[in-house]
Amino acid sequence: MRPRSLDELVGQDHILGAGHVLRKAIEAGLLPSMILWGPPGTGKTTLAAIAAHRAKARFVPLSAVSSGVADLRRVIEEARRQRAATGARTVLFIDEIHRFNKGQQDVVLPYVEEGDIILIGATTENPSFEVNSALLSRSRVFTLEPLAEEDVRLLVRRALSDPRGLAGAVTLEPKAEDALVAVANGDARVALNALELAADAATPHEDGTRLVALPAIRDALQRRSLLYDRVGDQHYDIVSALIKSLRGSDPDAALYWLVRMIDAGEDPMFIARRLVILAAEDVGLADPQALVIASAAQQATHLIGMPEAYYPLAEATIYLALAPKSDSVTAARGRIDADLAETRADPVPLHLRNAPTRLMGDLGYGRGYRYAHNAQGHVDLEETFLPSSLAGRRYYEATEEGAEALLKLRVEALRRARAGAQARRAGTSGSRPATD
């Protein structure tokens with residue numbers, strides 16, 4: 001049932017619709033080297049074969065999983081001979097091109113530049129990270145999207161009506177069709193393989209036709225096809241969705257992405273570490289208990305493992321989503337980084353330095369330091385702790401979210417009291433010695 005023309009190809013209107021550059025190039029037979037990036041079952045191989053056929057070029061497919069440099073050199077040498085003898089062009093299609101290492105990808109680079117081959121690479125991984133920059137700069141990248149449910153439905157119905165497929169032999173119940181379309185998850189290959197398996201397993205009627213019902217489709221599919229790679233784009237995309245859902249205080253979305261990660265086989269300790277980070281980074285001092293709960297979930301996950309670790313992970317996820325949020329600690333770091341970049345790195349004031357030797361004491365180390373516990377309330381408001389060039393800097397700005405609202409009251413009261421005490425001290429004769 002593989003489509004044989006652009007008109008039979010379903011989906012990808014954003015690059016193959018009327019008037020788009022790629023469609024015009026294919027129809028004119030003017031193929032650039034290109035990288036087709038998209039999830040499985042979206043038509044990358046089919047599109048490459050159609051493009052080569054339309055350009056009247058030899059189509060030579062290789063899989064990066066099972067091929068090596070010797071295979072590449074063999075295909076390239078044959079392409080050069082064909083071009084010299086007949087002028088025929090060769091489309092070298094490399095499926096899963098991200099599986100080739102840098103050296104293997106470099107082999108094709110000069111021949112792409114010379115025009116000996118037209119390279120079409122297919123990858124499910126982000127080519128920005130997986131394809132050599134030199135090769136990438138000589139190719140156009142086209143992104144293929146997962147097929148919409150209606151696209152998958154069209155392909156399923158075509159398979160049931162086309163003589164190349166199951167025409168006249170199989171009938172699919174409406175509920176079975178709906179389930180097949182939904183669970184295929186935008187992957188045409190999954191849908192057609194499941195339909196074929198269910199049809200083969202169905203009991204024939206007296207006239208030889210077969211009825212495929214919902215239980216047969218469920219049995220053939222077993223479970224939804226989850227797009228996930230623990231070291232690829234799907235990994236980072238779903239982690240990003242989880243973190244943003246937590247930060248945005250949406251427990252339902254956060255739980256959904258958590259379960260997506262768990263069902264796809266993500267390392268539960270990776271999830272736990274991300275929860276601990278978010279508790280400190282995004283909840284922060286608005287709810288100090290959040291870090292305790294996230295850390296407890298991490299320890300519980302380490303102790304009991306999956307599948308039971310779902311419970312502490314889910315509970316921490318819900319708590320973090322509903323907790324008040326504060327990024328005051330992150331903001332404070334940004335202000336400090338700005339000062340470190342824009343001001344000189346002054347030495348530690350002498351009165352804050354320890355003096356473990358007599359020489360250091362003679363040089364003024366520790367002289368005039370006021371021990372906080374000797375002051376009223378255990379806070380010496382007259383003491384200074386920043387270099388003089390940064391006196392009065394305010395790096396921590398407390399929010400009014402959750403528990404941090406109480407910290408805001410305290411830090412502002414301390415700052416007012418300290419500013420007043422130091423102003424009074426500066427006007428007295430008991431100011432700190434010049435060596436400080």
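The values are calculated or read from the model by the stated rules, or taken from the named source; none is laboratory data. Since this is a predicted model, take the numbers as computed values, not measurements. Don't worry about glycine lacking a Cβ; one is built from the backbone with ideal geometry, like all the others, and counts go over all protein chains shown.
Being touching a strand residue (DSSP E or B) at 6+ places or on another chain (Cβ under 9 Å) and more than 27 Å from Leu16 (Cα to Cα), is that true of even one residue in the range 126-135? The answer is no, given that none of the residues of the range 126-135 is touching a strand residue (DSSP E or B) at 6+ places or on another chain (Cβ under 9 Å) and more than 27 Å from Leu16 (Cα to Cα).
Scanning the range 384-420 for residues that are in a loop (DSSP other than H, G, I, E, B), more than 19 Å from Ile336 (Cα to Cα) and of a type in the set (D, E, K, R) turns up Glu400, Glu401. Just wondering, is there one or more residues in the range 258-269 that are of a type outside the set (Val, Ile, Thr), within 19 Å of the chain's Cα centre (by Cα), within 30 Å of Glu400 (Cα to Cα) and not assigned by TED's automatic domain parsing to the domain that holds Pro40? Yes, there is a match, as at least one residue in the range 258-269 is of a type outside the set (Val, Ile, Thr), within 19 Å of the chain's Cα centre (by Cα), within 30 Å of Glu400 (Cα to Cα) and not assigned by TED's automatic domain parsing to the domain that holds Pro40. Sub-6 Å Cβ pairs linking a first residue in the range 207-226 that is farther than 15 Å from Thr171 by Cβ to a second residue that is modelled with pLDDT under 90 and surrounded by fewer than 17 Cβ atoms within 10 Å (Cβ to Cβ), at least 6 apart or interchain, are Leu226/Ala264, ordered by first then second residue. Looking across the range 386-418 at every residue that is exposed (fewer than 12 other Cβ atoms within 10 Å of the Cβ) and under 23 Å from Arg353 (Cα atoms), the one that is modelled with the highest pLDDT is identified as Arg394.
Exactly one residue among Asp339, Asp362, Asp346 is more than 29 Å from the chain's Cα centre (by Cα) and free of Cβ contacts under 8 Å to residues at least 40 places away in the same chain, and that residue is Asp362. Screening the candidates Thr42, Thr86 for the property of being over 15 Å from Ser139 (Cβ atoms) and surrounded by 18 or more Cβ atoms within 10 Å (Cβ to Cβ) yields one hit, Thr42. The set of residues in the range 371-383 that are within 28 Å of Ala345 (Cα to Cα) and part of a helix (DSSP H, G or I) contains only Ala372. Of all the numbered requirements in (1) in a helix (DSSP H, G or I); (2) over 30 Å from Gly17 (Cα atoms), Ser67 misses one, and that requirement is (1). Scan the range 369-385 for residues that are in contact (Cβ under 8 Å) with a residue 12 or more places away in the chain and either out of contact with any Leu (no Cβ under 8 Å at 6 or more places or on another chain) or under 19 Å from Glu412 (Cβ atoms) (or both) and the total you get is 7.
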